[in-house]
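Chemist: What follows is a single structure, and I will ask about it in a moment.
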Amino acid sequence: MDKNKEVEDSALFVMDGIEATHDGMQYGTPKKFRKKKTEHLNIQALAQEVRAGSRTHLSKAITLIESSNSTHKVQAQELLQELLPHTGNSVRIGITGVPGAGKSSFIEAFGTMLCAMGKRVAVLAIDPSSSLSGGSILGDKTRMEELVKKPNAFVRPSPSAGTLGGVHKKTRETMLICEAAGYDVILIETVGVGQSETYVRGMVDFFLLLVLTGAGDELQGMKKGIMELADAIVVHKADGDNKRLAKKTVSEYKQILHFLQPATPGWMSTAMPVSSLEKQGLDKVWQTIEEFKQVVESNNYWATRRQNQTKEWFQSMITDHLIDRFYGNPQRKAQVQLLERQILNGQLTVTQGVDHLFSNEQVKK
């Protein structure tokens, strides 16, 4: 195979031509390597290439979705409109875990197993953004060397760009693009901090929590709310001397889950030991997800959850848009700063400040 062609068809290749920017930060190709002119985009042709399974064009489509350029935003929505009828046919799996639980090693081992089964797997790894460059700093591409070599896998690290909870605001649309490209399993990895678990739970079908052995001590520091989000708990690194302790930890988690409200109606959350190193228990995880899908589809909650998630997405987008428009007015920014000073100086209460802000009165200095 031609060497250039081989590079272009790799899971890591991102096609030039669209400069991705987020919140005023620039994350694209360095200036000296960037094309001076953005190529004219044929949206229908790009949609056809995405649907045909071209990873090169899938990368280009996602870069378009992530761009904050006003022209690109319009083109991105046109592309989504073209692809929307071909979405929704995947199993969407969210994966989170305590620090050091081995999320990336689990995803690589699990994704590689699914690829061997003939599944097409897309991994959207939500990286925390660098405060300096705005780019991804975890480098999941380099941490999943085996998985990215698979022709039926696609790995896309996406900088969180400072969004609340570390979840990139375009992740939902990226997920839809991957579905239109024919990926039937979407794995979304969270950074495992703050509210990211809640945000990812709101866009997936099945939510997986990775933990380590020694549940007794760990449960003391784990938020009950995070456990209540999980459809299954994986006690990871259950290998070597850890095997016996992992079985004990699984038993402890099962007892705890028995007393918690189920994350999904009609489904009893469970726990299981897994070793990504020894490739043990990965098949059990997939079997559990298949059983979950069967149960939840039979009680009609599969479709209901997705509809609710779309409505919640719509509502959150309205809120984001209102905030952007509100603070986008330079005069409004100055007004907010003035009111803040008056509140801190005791001249106004917080409620009075808000009332002034939304009234037609001119704020007195």
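Chemist: What helices (runs of 4 or more DSSP H), lying completely within segment 275-365, carry at least 2 residues that are surrounded by 12 or more Cβ atoms within 10 Å (Cβ to Cβ) and in contact (Cβ under 8 Å) with a residue 60 or more places away in the chain?
Modeler: On the way: elements: 282-298, 301-327, 330-344, 350-358.
Passing ranges, in order: 282-298, 301-327.
Chemist: May I pose another question? Any chance you could count how many residues in segment 109-122 are under 14 Å from Arg92 (Cα atoms) and out of contact with any helix residue (DSSP H, G or I) (no Cβ under 6 Å at 6 or more places or on another chain)?
Modeler: Within segment 109-122, residues that are under 14 Å from Arg92 (Cα atoms) and out of contact with any helix residue (DSSP H, G or I) (no Cβ under 6 Å at 6 or more places or on another chain) number 3.
Chemist: Please go through segment 244-255 and give me each residue that is surrounded by fewer than 16 Cβ atoms within 10 Å (Cβ to Cβ) and hydroxyl-bearing (Ser, Thr, Tyr), ordered by number.
Modeler: Ser251
Chemist: If you don't mind, there's one more thing I want to ask. I'd like to know if segment 104-112 contains one or more residues that are outside the structural domain of Asp239 (by TED's automatic domain parsing) and modelled with pLDDT under 95. Walk me through it before giving the result.
Modeler: The initial filter retains those residues of segment 104-112 that are outside the structural domain of Asp239 (by TED's automatic domain parsing), namely none.
Within segment 104-112, not a single residue is outside the structural domain of Asp239 (by TED's automatic domain parsing) and modelled with pLDDT under 95.
Chemist: Given the residues Thr319, Thr264, which is the only one that is touching a helix residue (DSSP H, G or I) at 6+ places or on another chain (Cβ under 7 Å) and of a type in the set (Ser, Thr, Tyr)? Full working, then the answer.
Modeler: Details: Thr319 fails: touching a helix residue (DSSP H, G or I) at 6+ places or on another chain (Cβ under 7 Å).
Within the list Thr319, Thr264, the selection yields Thr264.
Chemist: Can you tell me which of Leu338, Leu348, Leu322 is under 25 Å from the mean Cα position of the chain (by Cα) and more than 30 Å from Ser90 (Cα to Cα)?
Modeler: Numbers: Leu338 fails: under 25 Å from the mean Cα position of the chain (by Cα); Leu348 fails: under 25 Å from the mean Cα position of the chain (by Cα).
After ruling out the rest, the residue left standing is Leu322.
Chemist: Within segment 256-274, how many residues are of a type in the set (A, V, I, L, M, F, W, C), crowded, with 17+ Cβ neighbours inside 10 Å and within 25 Å of Gly88 (Cα to Cα)?
Modeler: Within segment 256-274, residues that are of a type in the set (A, V, I, L, M, F, W, C), crowded, with 17+ Cβ neighbours inside 10 Å and within 25 Å of Gly88 (Cα to Cα) number 2.
The values are calculated or read from the model by the stated rules, or taken from the named source; none is laboratory data. All of these numbers come straight from a predicted model, not from anything done at the bench. We place every Cβ from the backbone using ideal geometry, glycine too, and count neighbours over all the protein chains shown.
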